[in-house]
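The values are calculated or read from the model by the stated rules, or taken from the named source; none is laboratory data. Here the structure is a predicted model, which is why all the values come from computation and not from measurement. Glycine also receives a Cβ, built like all others from the backbone with ideal geometry; neighbour counts cover every protein chain displayed. Keep in mind that these areas ignore ligands, DNA and RNA; they rest on the heavy atoms of the full protein, side chains included. Shrake-Rupley method; radii C 1.70, N 1.55, O 1.52, S 1.80 Å.
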Amino acid sequence: MRTTLGTAAADDDVRAAIHRLGPSFERDYIAHLTLAHWADIMGEMVARRVRAVYVKDSKLYLYAPDAVWKNEMRMSAPEIVQRVNNFAGGRMIREIAFARTARLPIVPAGDGGDEEMPADYARALVQTGLTDEEIAHGSALAASVEDEKLASSIQRAYQNMRKARRLKEQRGFTPCPICGRLVQGICFDCRRSEERSVRREVRAILRREPWIKLADIVRRIPSCDALMLGSERADLIRRIAGETAYTEQDSENARMLTMLHRGLPPEEVTPKKIRSTFWELRNELITTREFWEEMKQRRAKKKS
């Protein structure tokens, strides 16, 4: 049977049912599944700022809140297309585009059937055994405390801690090589800590070389990808723009913003490119009276 995109993890009955409903239903199903799993595909950080709105004519329409994020999504378009298509299991989209408004996100229905309830976990914990050495160690801890109630609580807490660790080991949990915590697959705390460290390095390089390209930064920091570079660039642009007035187009911040936003080296930054950058970032900059006068002039030119 031909595999329907996005159903690789489903059983044969589900794939057969979707296939029988026809190609139109299949396409809608894939589109809704992709929108629902946007955070899984791109990560929480991107999903909090950019929303996947709908799929039409092999295009994924995104809603970005400002010009900075639109620019970063355009620069990361090949990687976004690849990630979405990898999730779908085929070439579902060919490019990205931008929507003017954002619909409410589609919330995936919770399956709930495979989730372990607290009562089930408590029963499994009670049924987990301890070694004689662990029991003796718990009794020794309790004997060192005079208060009987406190001693009983300490002994019970120690036994529960040892049982929980034994239960995790039985379920295939393994120690994280960095922190030693028992985890299933990846230790997300250590991964977040490592990612924060990498992001600090990326940010430092962007401040020194705001025009740097992805290929150049990957040679220095192999774990950096297009989305990480794009998000750090966007946040840095937003921070600098929030400290810069629209009229300060001959300042160091103006040059920095232009190099960051357009990926230009210093020798290619011109007053015209600075003006164009400031206009594109106008909603992020500090606006002054001169800005609103320029807005009036632009509107008057459009009407004439």
Subset of the range 69-98, residues under 30 Å from Phe278 (Cα atoms), out of contact with any Leu (no Cβ under 7 Å at 6 or more places or on another chain) and of a type outside the set (S, T, N, Q), comes to Trp69, Lys70, Glu72, Arg74, Met75, Ala77, Pro78, Ile80, Val81, Glu95, Ala97
Subset of the range 219-229, residues in a helix (DSSP H, G or I) and either within 14 Å of Arg200 (Cα to Cα) or more than 19 Å from the chain's Cα centre (by Cα) (or both), comes to Arg219, Arg220, Met228, Leu229
When the range 251-279 is checked residue by residue, the ones that are in contact (Cβ under 8 Å) with a residue 40 or more places away in the chain, assigned to a loop (DSSP other than H, G, I, E, B) and surrounded by fewer than 13 Cβ atoms within 10 Å (Cβ to Cβ) are Pro265
Here the residues within the range 181-214 that are among the aliphatic types (A, V, I, L, M), open to solvent by 60 Å² or more (accessible area, probe 1.4 Å) and either assigned to a helix (DSSP H, G or I) or closer than 20 Å to Trp69 by Cα (or both) are Leu214
Exception for Arg282 within (1) touching a Ser or Thr at 6+ places or on another chain (Cβ under 7 Å); (2) not in a helix (DSSP H, G or I) falls at (1)
Next on the checklist: Residues that are in contact with a strand residue (DSSP E or B) (Cβ under 9 Å, 6 or more places away or on another chain), part of a helix (DSSP H, G or I) and either polar (S, T, N, Q) or open to solvent by less than 80 Å² (accessible area, probe 1.4 Å) (or both): does the range 232-250 have at least one?
Outcome noted: yes
